[in-house]
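Data block below; observations after.
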There are 2 protein chains.
Amino acid sequence: MTPTAPAGALTELRLAELHGSLSSPISDSMNFLNEVAHRYPDAVSLAAGRPYEGFLEVEAVSRYIDTYRAHLSERFGHDEVLVRRTMLQYGRTKGIIHDMVARHLSVDEGITADPESIVVTVGCQEALYLALRALRRDERDVLLAVVPTYVGLTGAAELADMRVLPVRATETGIDFDHLAAVVARAESDGLRPRGCYVVADFANPTGVSLDLDSRERLLRAAEEHDFLILEDNPYGLFGDGSAPLPTLKALDRSRRVVHLGSFAKTGLPGARVGYVVADQWVVEPGGGRGLLADQLAKIKSMLTVNTSPIAQAVIGGKLLEHDFSLRAANAREIRVYRDNLRMVLQGLADRFAQGDGPEVTWNVPRGGFFVVLTLPFVAGDDLLEESALRYGVLWTPMHHFYGDGRPRREIRLSVSHLTPEEITEGLDRLAAFVRAAAAGERGGR
Amino acid sequence: MTPTAPAGALTELRLAELHGSLSSPISDSMNFLNEVAHRYPDAVSLAAGRPYEGFLEVEAVSRYIDTYRAHLSERFGHDEVLVRRTMLQYGRTKGIIHDMVARHLSVDEGITADPESIVVTVGCQEALYLALRALRRDERDVLLAVVPTYVGLTGAAELADMRVLPVRATETGIDFDHLAAVVARAESDGLRPRGCYVVADFANPTGVSLDLDSRERLLRAAEEHDFLILEDNPYGLFGDGSAPLPTLKALDRSRRVVHLGSFAKTGLPGARVGYVVADQWVVEPGGGRGLLADQLAKIKSMLTVNTSPIAQAVIGGKLLEHDFSLRAANAREIRVYRDNLRMVLQGLADRFAQGDGPEVTWNVPRGGFFVVLTLPFVAGDDLLEESALRYGVLWTPMHHFYGDGRPRREIRLSVSHLTPEEITEGLDRLAAFVRAAAAGERGGR
C-alpha cells in the first residue's frame with residue numbers, strides 16, 4: 001500500500017510535529033480496532049456498532065430523491081429552476097431539511113424546535129465538533145462527560161483542543177456527587193466546565209439509560225453550575241417497547257440542552273446526515289443577540305460549507321414517505337434490534353449460568369445496540385487479538401471508552417447488525433474464548 | 001426568525017466567550033456578503049462565485065448513481081450485499097472513489113497519485129481544514145498565503161487557531177523577495193511556517209495564474225525553507241483554450257505539494273465532494289512511517305467520519321460516464337466560462353474606455369471565474385450597500401480577501417453563473433454606479 005520510490009529526496013514530516021490528537025491513545029484505539037477487524041474478516045464481529053443492513057436498498061435512494069424533489073416542486077410552484085438550484089447548487093449553510101427535522105422531532109420525540117435553531121450537519125459527528133469548537137474559547141474551557149463514553153466524543157474534544165473531565169456513571173446514569181466534586185475542583189483550578197456530554201438513552205458503550213429523576217437532576221445541575229448539556233441521541237427509538245422516557249431536550253425549560261441527532265441509524269448511514277438543535281441565545285458585545293445555531297453555522301461554513309443537498313434530499317424523502325415519523329419508518333429495524341438484544345441476553349444466560357464455569361456477568365439494557373460483559377480477567381487488546389485469531393470472534397475492550405488507557409475486565413458486545421445465526425455462532429465462540437482465557441488465567445497464577 | 005419566548009429564564013451565552021473565530025472580521029465578512037445578497041434578491045449579482053447552473057439536471061443524479069452501482073456490481077462479481085454495503089453503510093474513512101480520483105488526475109492533470117494518498121472529503125473546504133489542523137501543532141505553527149486570498153482559507157485557518165502570514169502577489173504570481181523576508185522574520189520570531197497556500201491557476205479572487213518560472217521558484221523555496229505547498233485547484237480546467245501550465249503537483253519531484261481538489265465546479269456542487277492528495281511521509285517516533293493522507297484520515301474520522309458514499313457515487317458515476325476526464329465532461333461549461341469572461345472584459349472596455357469618464361482599470365485573466373476592477377474611489381461595504389440599493393448590482397469589495405479590514409479601491413467581479421443578458425444588464429448598472437460614485441467622490445472633495 002505504501003509508495004516505493006526512494007525515500008532520500010522525499011519530504012518527511014514527523015508525527016510529533018503534527019497536531020497532538022494524532023499522537024493520542026484515542027487515535028491509536030480507533031486504528032487498532034479498525035485494523036483488527038480488517039485482519040480477521042472471517043471472525044464474527046460482536047464489535048462493529050453499525051446499523052442492521054438487511055433492509056437497506058440502493059433503489060430507495062433514487063425514490064427518496066424523487067419524493068423530495070416532488071415536494072420541492074410543489075412548494076416552489078413548479079419553478080424547476082428553483083428546484084434544481086436547491087438540490088444541486090451550493091446551498092444554505094444551516095441546511096434545507098431543517099423544517100422536516102423539526103417536524104420529526106415533534107412527532108417522534110415531543111420536542112418543539114424552531115427550525116431556525118437547527119443546523120443540518122455531515123453526520124452527528126460534525127454537529128458534535130461544531131458544538132465543541134464553539135464552546136472552547138481557550139485552554140480553561142473544559143467538557144464534562146459521563147464515562148465510559150463514546151470514543152468519537154473523546155476524539156472530537158481532542159481535535160478541538162478541549163480537555164474532557166470524566167464523571168462517574170452509575171447503573172441509572174450519573175454519580176451526581178461526583179459531578180459536583182468534579183465541577184468544584186475544576187472551578188478551583190480556574191477551569192470552566194462549558195458542557196456535559198451525555199447519551200441519555202441506551203448509551204454507547206454501556207446501553208445504560210438515565211432514569212427520569214437523573215434527567216431532571218442533570219438539568220438542575222446544568223442550571224446551577226451554568227453549563228450546557230450536550231445530549232446525543234442516536235439510539236432513542238430502539239427501546240424494548242415500554243413507554244420511552246422524555247429526552248433531556250423535551251424536558252428542557254430554559255434552553256440548557258444542545259440536542260445532537262443522527263440519521264445514520266434511523267435514516268440511512270450512507271447519507272451522512274445529522275443535525276444539532278442549538279436554540280440558546282448568544283449575546284453580542286453590542287447587545288444584539290442571535291441563536292447559537294447561527295454561530296455553529298459560521299463554523300460550518302469554514303469546515304464543510306454546507307451538507308450535501310442530495311444527501312439531505314435522501315433523508316427528506318424518507319421523512320416525507322413516513323409522515324415525519326422515523327419510529328414508523330423503522331418498525332422492522334426496531335423489531336430486529338429488540339429481538340437481537342433478547343437473543344444475546346438469553347444466549348449469555350445459557351452459556352454463562354452462575355456457578356457453572358467462569359464468573360461472567362453482564363448488564364441488561366432495555367434497548368439500543370450494546371451490552372457490557374464483565375469477565376473474570378482483564379480483557380485488553382492482546383486478548384482481543386487472541387480471540388480473533390484463535391476463536392474467530394471480535395468484541396471491544398472497554399478500556400477504549402475510558403480515555404485513560406487502563407485495561408479493564410469489561411468488554412462491549414454489539415448486537416445491532418447480526419443475524420440470528422451469527423449471534424449463535426458468535427456467542428459460542430465467545431464462550432469458548434472466555435472459558436479458555438479464564439482457565440489460562442487460573443493456570444497462570 | 002428569532003424565537004419570541006421571554007428571555008428572563010433562558011440560557012444566554014456571550015459571543016466573547018465562544019471560539020475567537022466567531023468574533024473575527026472574516027466571520028463578519030461572510031455574514032455581511034451573504035446577507036446583502038439576500039436583502040437584494042433582484043440585484044444582478046456580479047458577486048456570487050457559484051458555478052453555472054444552466055446544464056445541471058436533477059435526473060442526472062440518479063443516472064450517475066446507477067452508473068456507479070453497475071461499476072461496483074461488476075467489480076464485486078455481482079455480490080449485491082457488498083454493493084449495498086459499499087454505497088449505503090458507514091464506509092472507508094479515506095473514501096470509495098479514491099482510485100477514480102487518481103485516474104482523473106492522471107487523465108486531466110498529468111498528476112501521478114497513489115490512490116492510497118488520496119482522502120475524499122466533504123468539499124475542498126474539509127480537505128483544507130484537515131491539512132491545517134494536522135500542520136498546526138501549537139501557536140508557533142503558521143501558514144503563508146499569497147494575498148489577496150480565498151476567504152475560506154482565512155476562515156479555516158482561524159478555525160484551526162493558525163496564524164496566516166500574508167505574502168505579496170505580483171502580476172505573475174508571487175513576490176519571492178517578500179516571501180523570503182516573511183519567512184526570515186517568522187523564523188527570527190520563533191515561528192514555523194508549515195505551509196504556503198496558493199491557487200496557481202486563475203485564483204480566487206484575482207483570476208491571476210502563476211507563470212511556469214514562478215511555479216518552479218515556489219517549489220524551490222518550499223524545499224529551501226522546508227514548508228509544504230498547499231495547492232488549491234478549483235478552476236484549473238477553465239482556461240482560455242491555450243495550453244494549460246502544469247500544476248504544482250505535476251511539477252513536484254519531492255512530494256512537497258499537498259494538492260487540494262474540488263468537484264464543486266467540475267462535478268456537481270450539491271454533491272459536496274472534494275479531495276486531498278497527501279503523499280508526504282510521516283515518520284512516527286518508533287521509526288515507522290506512513291502517508292500524511294492516513295493522518296488526515298484520522299482527523300476526518302473525528303470530524304465527519306466519512307464522506308457520504310451516495311455523494312461519492314454521484315461523482316464516481318460522472319467520472320465513469322466521461323472516461324475520467326472532467327475536461328471532456330465540462331466541454332459546455334468551459335465554453336460558457338470562456339465566453340462570459342470575454343464578454344465581461346469586452347463589456348468593461350466598452351463602458352470604461354480610457355479618457356472617457358472615471359478612470360477604471362482591470363486585469364485580464366486567461367481563465368477562471370473572476371476579474372478585479374480598480375476604481376477611482378475606495379469601494380467598501382457601505383458603497384456595496386448603495387450599489388445594491390440604488391443601482392441593483394452586487395459585487396465584492398476586495399478588502400474581504402486581505403484579512404486586514406483596510407478598505408480598498410478594488411472590487412471583484414464574478415462571471416461564472418451569468419447569462420449574456422445578465423452580463424449586459426449587470427455591467428450597465430455597474431457603470432452607472434461607478435460614474436455616480438466617482439462624481440460624488442469628486443464633488444465631495
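The numbers here are math on the coordinates, done by the rules we state, and not lab data. It should be emphasised that the depicted structure is a prediction, and the values quoted were computed from it without experimental measurement. Positions of Cβ are generated from backbone atoms using ideal geometry, with glycine treated the same way; all protein chains shown enter the neighbour counts.
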Which whole-angstrom value gives the distance between the alpha carbon centres of the stretch B:96-125 and the stretch A:378-405? 35
Copies compared at residue A:9 - label distances in nm, ascending, label defined 7 Å from Cα in the Cβ direction: 7.2
Using only the alpha-carbon atoms of the protein assembly as shown, report the extent along each of the three principal axes, biggest first, to the nearest angstrom. 101, 67, 56
What is the dipole size for chain B, taken about its Cα centre, with +1 at each Lys and Arg Cβ and -1 at each Asp and Glu Cβ, in debye to the nearest 20? 420
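How do B:302, B:30 rank when sorted from fewest to most other Cβ atoms within 10 Å of their own Cβ? Numbers along the way, then the final one.
Numbers: B:302 25, B:30 21.
So the residues, fewest neighbours to most, are B:30, B:302.
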Take residue A:404 and residue A:441, extend 7 Å from each Cα along the Cα→Cβ direction, and tell me the distance between the two endpoints in nm. 1.9
Most fluctuating of A:169, A:329, A:16 in the GNM of chain A (C-alpha, under 10 Å) is A:16
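Give the shape of the stretch B:99-196 as rounded, prolate or oblate, defined through the alpha-carbon gyration tensor: a ≥ b ≥ c are the square roots of its eigenvalues, a/c under 1.5 means rounded, and otherwise the shape is prolate if a/b is larger than b/c and oblate if not.
Here the stretch B:99-196 falls in the prolate category.
Given the alpha-carbon gyration tensor of the stretch A:1-157, what are the semi-axes of its equivalent ellipsoid in whole angstrom, ordered largest first, with each equal to the square root of 5 times an eigenvalue?
Details: eigenvalues 279, 114, 91 Å².
Gyration-tensor ellipsoid for the stretch A:1-157: 37, 24, 21 Å.
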Computed over the stretch A:60-328: relative contact order in percent, which uses C-alpha pairs under 8 Å that are six or more apart: 28
Can you work out the FRET efficiency for the pair residue A:377 and residue B:253, with r the C-beta to C-beta distance and R0 = 51 Å, to the nearest 0.05? 0.40
May I ask which residue of chain A has the beta-carbon nearest to the axis carrying chain A onto chain B, and at what distance in whole Å? A:62, 2
Using DSSP, restrict attention to beta bridges with both residues in the protein assembly as shown and report what percent are antiparallel, rounded to the nearest 5. 50
Nearest 10 degrees is fine. How inclined is helix B:420-444 to the longest principal axis of chain B, computing both from alpha carbons? 50
Helix-derived [θ] at 222 nm for chain A: sum -39500 (n - 2.57) over DSSP H runs of at least 4, divide by residue count, nearest 500? -13500 deg cm²/dmol
Computed from every Cα-Cα pair in the stretch A:190-322, P(r) in 5 Å bins starting at 0 and rounded to whole percents is 2, 9, 15, 19, 19, 17, 11, 6, 2, 0, 0
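Within the set B:94/B:249; A:318/B:298; A:265/A:298, which residue pairs have Cα atoms separated by over 22 Å? Mind showing how you got there, number by number?
Numbers: B:94/B:249 20 Å; A:318/B:298 31 Å; A:265/A:298 27 Å.
With Cα atoms farther than 22 Å apart: A:318/B:298; A:265/A:298.
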Once R0 is set to 22 Å, what does the formula 1/(1 + (r/R0)^6) return for the Cβ-Cβ distance between residue A:390 and residue A:38, expressed as a FRET efficiency to the nearest 0.05? 0.80
The distance between the Cα centres of the stretch B:43-86 and the stretch B:284-353, in whole Å, is 14
In a Gaussian network model of chain B with springs linking alpha carbons closer than 10 Å, the residue among B:225, B:400, B:19 that fluctuates most is B:19
Once both labels are modelled 7 Å past Cα along the beta-carbon direction, what's the residue A:332-residue A:106 spacing in nm? 3.0
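Please arrange A:369, A:55, A:76, B:202 by counting, for each residue, the other beta carbons lying within 10 Å of its beta carbon, fewest first.
So the residues, fewest neighbours to most, are A:55, A:76, B:202, A:369.
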Between the label point of residue A:343 and that of the same position in each other copy, find the distances and list them shortest first in nm, with every label point placed 7 Å from Cα along the Cα-to-C-beta direction. 6.3
Suppose R0 equals 45 Å; then what is the FRET efficiency for residue A:82 and residue A:424 from their Cβ-Cβ distance, rounded to the nearest 0.05? 0.25
Other copies of residue B:419: label-to-label distances in nm, shortest first, labels 7 Å along the beta-carbon direction: 5.6
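So what's chain A giving for Cα Rg divided by 2.2 N^0.38 Å, two decimals? Don't skip to the end; give the middle numbers.
Working: Rg = 22.9 Å, N = 445, 2.2 N^0.38 = 22.3 Å.
After normalising by residue count via 2.2 N^0.38 Å, the value is 1.03.
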Taking 7 Å along the Cα-to-C-beta vector as the label spot, tell me the residue A:188-residue A:10 distance in nanometres, rounded to one decimal. 5.4
Of all DSSP beta bridges having both residues in the stretch A:60-328, the percent classed as antiparallel (nearest 5) is 40
